Each structure stands twice: as structure tokens, then as C-alpha cells.
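Quick notes on the structure that follows.
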Amino acid sequence: MRLQYRFVRNQNILIFKVNTSFIQILPARKVQAMEEEQEAIVVNKEFTEECTVVLTAVADALYVIGGKWKLMIIISIARGNNRFSEIQKKVTGISARVLSNELKELELNSFIVRKVTAGYPVSIEYELAPYSNTLQDVVSSLKEWGIQHRQKIKDDRSSGKSQTIV
């Protein structure tokens, strides 16, 4: 709804028209406050639309690389651990079943390529796909933040600043 109004000379009032059948006379400052409120609503709507875009993008990213293991598996493969058993040894705490499922999901999302070499015994190796290079900035930022956070926790514990959540 767009505000329609007309200023009356020599008086501090505006004729304020809400729709074609309803007219109300209001002080000019009240109309100005109403216009500012409408502008704030428009700004808030833009903010919520931008917020929705950001939340959707982050949700999509977390769906693909989220969880406890996916990035650790990608990092392990990037460091030369290409076989299933090597990956399982480097990514401590992951079970064979979970590793198998995570590798399948990473392959489906084009982050890794599974290479099967025929022979006896059959050899299966995993390599990073070119698309996995898009995660370099993410991994680098997480690494830096993790180092910083670990240091902060150590400093807080050593200085007795650790806070207990009740």
C-alpha cells in the first residue's frame, strides 16, 4: 500500500488518503513517522530475503561436506592416503562402515573418484576430483580457526579463565 497525502498550507497537517473511500487528517509528523515505518518494513524484508539466501547456501554446503568425517576424509586423500585402509588409519575413530558410506557420498557429490584396478587382488584407490579443489579456502579457513581456537582454550585453561556453563 502506497501512502498518498497532500500538504495543507499554513497548517501543520496532511490530508492522508488510505484508499479511495477513506480520508483522515493527520499531523505531518505522524505521517512522516508512518512513512519511516513503511521504509523500515521494506528494509527488514530485504534483510530477511538476504538472510534466507545465506541460510540456504550454508545449509547446502553443510549437507554436502558437513558431519564429522567428510572433510577429514578429503584432507586424508589430499595428503596421499588413497587406499581404504590408509584412510581409515589416518582418520582416527572412523569405522569401516561409516568410511564406506562417506566415501560413497563424496563420490556421488563429485569430490572424489573411485579407481578400481583389475587383477588379483582387486585394488581400489580414491583420488580427489578436480571439484574438490573448490574446498581449499574452506579447509584453510577451518584449519586457521581450529588452531586459533585450540590456542584460546589452552590459554584460558592456563590462566584460569575457563567458564563453566550452568
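The values are calculated or read from the model by the stated rules, or taken from the named source; none is laboratory data. Every value quoted in this text rests on a predicted model; they were computed, and no experiment measured them. Methodologically, a virtual Cβ is constructed for each residue, glycine included, from the backbone with ideal geometry; neighbour enumeration extends over all protein chains shown.
Somewhere in the stretch 143-164, is a residue closer than 18 Å to Trp69 by Cα, surrounded by 10 or more Cβ atoms within 10 Å (Cβ to Cβ), among the basic types (Lys, Arg) and more than 27 Å from the chain's Cα centre (by Cα)? The answer is no; no qualifying residue exists. Under the condition of being farther than 21 Å from Ser141 by Cβ and surrounded by 12 or more Cβ atoms within 10 Å (Cβ to Cβ), the residues counted in the stretch 45-99 number 12. Arg114 meets the conditions (1) in a strand (DSSP E or B); (2) among the charged types (D, E, K, R); (3) in contact (Cβ under 8 Å) with a residue 24 or more places away in the chain in every case but one. The failed one is (3). Is one or more of the residues making up the stretch 128-136 part of a helix (DSSP H, G or I), in contact (Cβ under 8 Å) with a residue 24 or more places away in the chain, surrounded by 10 or more Cβ atoms within 10 Å (Cβ to Cβ) and under 27 Å from the mean Cα position of the chain (by Cα)? Yes, there is a match, as at least one residue in the stretch 128-136 is part of a helix (DSSP H, G or I), in contact (Cβ under 8 Å) with a residue 24 or more places away in the chain, surrounded by 10 or more Cβ atoms within 10 Å (Cβ to Cβ) and under 27 Å from the mean Cα position of the chain (by Cα). Filtering the stretch 107-166 to residues that are at pLDDT below 90 and of a type in the set (Phe, Trp, Tyr) leaves only Tyr120.
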